[in-house]
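The values are calculated or read from the model by the stated rules, or taken from the named source; none is laboratory data. What you see is a predicted model; the values in this text were computed from it and never measured. With ideal geometry, Cβ positions are generated from the backbone for all residues, glycine too; neighbour counts draw on all protein chains shown. Calculation scope for accessible area: heavy atoms of the full protein, side chains included, ligands and nucleic acids excluded. Shrake-Rupley method; radii C 1.70, N 1.55, O 1.52, S 1.80 Å.
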Amino acid sequence: MFSAKLRQQKIEELNMYQFDLVVIGGGITGAGIALDAVSRGLSVALIEKNDFASGTSSRSTKLIHGGLRYLKQFEVKMVRDVGREREVVYENAVHVTEPQWMLLPFHKGGTFGPLTTSVGLRVYDYLAGVKKGERRKMLTADEALSKEPLLKSEGLQGGGYYVEYRTDDARLTLEILKKADELGALCLNYVKAEDFLYKNGKVSGVEAVETINGTKVAIEAKKVVNAAGPWVDDIRDIDSTAADKQIRLTKGVHIVVDRQTFPLRQPVYFDAPDGRMIFAIPRDDKAYIGTTDTFYDGDPAEAAAAEEDVTYLLDALRHMFPSTSLGHSDVESTWAGVRPLIYEEGKDPSEISRKDEVWESENGLISIAGGKLTGYRKMAEAITDRVIKSLEKDSHKKFGKSVTKKLPLSGGDFGGSKNFPRFVSSMALQSEQFGLAPEEGRMFAQFFGTNAGKVFEHYWKRSAEPHRDGLPDVLAAVVSYAMEDEMAVTPSDFFIRRTGDLYFHIADVMRYKEQVLDYMGKHLNYSEEQKVRYRKELLEEIDKATRFGRGMPQ
Ligand SMILES: Cc1cc2nc3c(=O)[nH]c(=O)nc-3n(C[C@H](O)[C@H](O)[C@H](O)COP(=O)(O)OP(=O)(O)OC[C@H]3O[C@@H](n4cnc5c(N)ncnc54)[C@H](O)[C@@H]3O)c2cc1C
């Protein structure tokens, strides 16, 4: 079970066995590798120094996409490989990915013209193997304006219309980890790799520390994979045989605004005045806009939106949607992520390739970085193939081929996209037996997929007990589920990676932060010191997200 209440037991287990594989890093790359490996029969442990997905994997543009713009850089193979994965990621996790028709407007003198858009999107359809109903359409200027009336009409020549998939990056990562856990992988957050164990000149495990209580663990493993994203070079530094630094970081910022002030109807991929491309994407009653792309040399954990990032995005927005007069005070929240890119001499941030890279040191440590959220499964398959090759060479054991192409993630067991609407309707009906309104049941089913039943049970248990903690029952049920089934340890884990509320419902965070802290503290036995620390941590996260917008909401 993936419960924060079982942490102590899991920590002891880390010390107990020799695993076939230890993965360092609980972002989407590490999560994908853990799932691929455990589903092929390897014994697997995964450690994450902070919360799962707290690195880049909760701070992306949250799109499962092939990266249309990379066609301009002739990254044909990457667009094909990643583009083809969109459908696979979608079908295995329909509850966390949603097809969205994207509008690519073209104006006189812009990056894309009618011909380049038409050809580019057709090539994209072909490379990405896009299914019939989702192939690109070309729109006239009037048609583009009727899809999105906020668009700049001056110089508008038309638009390309094509499908991408919107996701929640952190929840996608969690659903992968929950599936890996279900199949027997031991995945733990708040465990930091500090050193390697060596035997006969080869890496034979990891020395780590559980950062909440300071417990040291020595995890023995036949193979170790470093999937530490922006920190991949730091881990390679610990292993004395790794070569020079390979990673260059670039920062990407997003801003969130309310759709009452910016009534965006649909996703748009548009030119910024400097020729870069930017997304504006509606999500419920908010819209988010991003991203920037600038070199970053600071601590990846501290990456935050700077005033000039917010100004840049607002300028771009007003340029493409001139009827809006959005300013800093309309920005409700922001987030910033850093891309671990493979260093290429003399290139601008946006020109550096997004492809992944794998290194293996003389000691046998495998490191992987770069790539995209979208391509996580293929990357995981390639790494596990490599691990298996090494394991099979050293023993007589045989492992099978990757099965993840048709392996639904946790919450995805309703038989693919065609069954999802029926499943959601049936859960809405079922939820009434637990005392929920059908709309609440529907919302849970859409968010948690086939795990919604467990959230219903948390709700039922809670409503049967007397309580006076000031938390609405629906919210309390989601917090309970997050602690007991998704290993949420702190309120920041809950408000950022389990729900995304810090970005998309900041008012709720402000309203219920103390109640959630108390509730989690009671159930997870926080010490006074922990309570103070977690409160401070959440306030810092709120400050980071709101600093250059409308300021700290009350
Ligand atoms: C602004 C931005 C927008 C993006 N948009 C998209 C998009 O729309 N679609 C898409 O497909 N891709 C997108 N990407 C790329 C995608 O987000 C990344 O490729 C992906 O999230 C990288 O995941 P990762 O697991 O390699 O790294 P991370 O998510 O950073 O995970 C690495 C983990 O390792 C942990 N770690 C580090 N050191 C240690 C240690 N010593 N011990 C234990 N754990 C450790 C870290 O805490 C971290 O959680 C975007 C990236 C950025 C920055």
Original post:
When the Karplus curve 6.51 cos²θ - 1.76 cosθ + 1.60 is applied with θ = phi - 60°, which whole-Hz ³J(HN,Hα) does each residue of the stretch 221-238 get, with x for Gly and Pro?
Top reply: 7, 6, 9, 10, 10, 9, 10, 8, x, x, 9, 4, 5, 4, 5, 5, 4, 5
**OP:** Using the Karplus curve 6.51 cos²θ - 1.76 cosθ + 1.60 with θ = phi - 60°, work out ³J(HN,Hα) for each residue of the stretch 462-471 in order, rounded to whole Hz, and write x for Gly and Pro.
**Re:** 5, 6, 7, 9, x, 7, 9, 9, x, 9
Subject >> Inter-site label distance for HIS328 and THR140 at 7 Å from Cα along Cβ, in nm >> reply: 4.4
Original post:
Cα-based Rg of the stretch 146-298 per 2.2 N^0.38 Å, rounded to two decimals?
Top reply: 1.50
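Taking only protein heavy atoms into account and a 1.4 Å probe, give the accessible area per residue of the stretch 174-242 in Å².
Working: 2490 Å² over 69 residues.
Counting only protein heavy atoms, the per-residue value for the stretch 174-242 is 36 Å².
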**OP:** Quick one: work out Rg over Rh on the C-alpha atoms of the stretch 108-208, Rh as Kirkwood radius.
**Re:** 1.29
Original post:
What is the local net charge at PRO408, summed over the other residues whose Cβ is closer than 10 Å to its Cβ (Lys, Arg +1; Asp, Glu -1)?
Top reply: -1
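Once you list every other residue whose beta carbon is under 13 Å from the beta carbon of LYS108, what net charge do they have if Lys and Arg are +1 and Asp and Glu are -1? Walk me through the numbers before you get to the answer.
Numbers: positive: LYS152; negative: GLU154, ASP271.
The answer is -1.
Trypsin sites (Lys or Arg not before Pro), restricted to the stretch 252-295: which are DSSP loop and have at most 16 other Cβ atoms within 10 Å?
Details: sites: ARG259, ARG265, ARG276, ARG283, LYS286; in loops: ARG259, ARG265, ARG276.
Of the trypsin sites (Lys or Arg not before Pro), the ones in loops of the stretch 252-295 whose Cβ has at most 16 other Cβ atoms within 10 Å are ARG259, ARG265.
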Original post:
So for the chain, Kirkwood radius off the Cα pairs, Stokes-Einstein at 20 °C and 1.002 mPa s: how many µm² s⁻¹?
Top reply: 89
**OP:** Describe numerically, in nm with one decimal, the distance between label points set 7 Å from Cα along Cα→Cβ at ALA464 and at ARG386.
**Re:** 5.0
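In the chain, what percent of the accessible surface is made up of carbon and sulfur (1.4 Å probe, ligands and nucleic acids excluded)? Could you put the intermediate results ahead of the total?
Working: 11290 of 22500 Å².
Answer for the chain: carbon and sulfur cover 50 percent of the accessible area.
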**OP:** Could you tell me what % of all Cα pairs in the stretch 127-172 have separations over 15 Å?
**Re:** 57
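Quick one: in the stretch 393-442, what % of C-alpha pairs are over 17 Å apart?
I get 57 percent for the Cα pairs in the stretch 393-442 exceeding 17 Å.
Whole number in Å², please: accessible area per residue of the stretch 1-160, 1.4 Å probe, ligands, DNA and RNA not counted. Can you show the working numbers first?
Numbers: 6170 Å² over 160 residues.
On a per-residue basis, 39 Å².
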Original post:
Separation between the SER118 and ASP518 pseudo-spin-labels, each 7 Å from Cα along Cα→Cβ, expressed in nm?
Top reply: 6.4
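Taking 41 Å as R0, compute the FRET efficiency from the Cβ-Cβ separation of GLN9 and TYR343 and round it to 0.05.
Numbers: r = 42 Å, r/R0 = 1.02.
Computed FRET efficiency for GLN9 and TYR343 comes out at 0.45.
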**OP:** Just tell me the longest site-free run in the chain, where the sites are GluC sites (Glu not before Pro) in a DSSP loop having at most 15 other beta-carbon atoms within 10 Å.
**Re:** 363-554
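So what's the stretch 332-465 giving for Rg/Rh, alpha carbon basis, Kirkwood Rh from the mean inverse pair distance? Walk me through the numbers on the way to the answer.
On the way: Rg = 22.2 Å, Rh = 19.3 Å.
Computed over Cα atoms, the ratio is 1.15.
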Original post:
So what is the accessible area of the stretch 406-488 per residue, in Å², with the probe set to 1.4 Å?
Top reply: 47
Original post:
Calculated from DSSP H runs of 4 or more alone, at -39500 (n - 2.57) each and per residue, what is the 222 nm mean residue ellipticity of the chain, nearest 500?
Top reply: -11500 deg cm²/dmol
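Over all directions, the average projected area of the alpha-carbon convex hull for the stretch 297-394 comes to how many nm²?
Working: hull surface 39.1 nm².
So the Cα hull casts an average projection of 9.8 nm².
Of LYS10/LYS531; LYS131/LYS286; LYS77/LYS418; LYS355/LYS397, which pairs sit farther than 25 Å apart, going by alpha carbon to alpha carbon?
Details: LYS10/LYS531 23 Å; LYS131/LYS286 29 Å; LYS77/LYS418 30 Å; LYS355/LYS397 32 Å.
In this structure, LYS131/LYS286; LYS77/LYS418; LYS355/LYS397 exceed 25 Å between Cα atoms.
How far, in nm, would the chain grow between ASN525 and ASP284 when pulled straight, counting 0.36 nm per residue and subtracting the alpha carbon separation?
Numbers: separation 241, 0.36 × 241 = 86.76 nm, distance 3.47 nm.
Computed gain between ASN525 and ASP284 is 83.3 nm.
Can you compute the charge dipole magnitude of the chain about its Cα centre, using +1 on each Lys and Arg Cβ and -1 on each Asp and Glu Cβ, nothing else charged? Give it in debye, rounded to the nearest 20.
Its charge dipole is roughly 1720 debye.
Rg to Rh ratio, the stretch 218-303, alpha-carbon atoms and Kirkwood radius? It would help to have the intermediate numbers written out before the result.
Details: Rg = 19.2 Å, Rh = 16.3 Å.
Across the stretch 218-303, the Cα-based Rg/Rh ratio is 1.17.
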**OP:** Could you run the Debye sum over the Cα atoms of the stretch 1-105, one equal point scatterer each and no solvent, and tell me log10 of I(q)/I(0) at q = 0.10, 0.12, 0.17, 0.23 Å⁻¹, two decimals?
**Re:** -0.42, -0.58, -1.00, -1.38
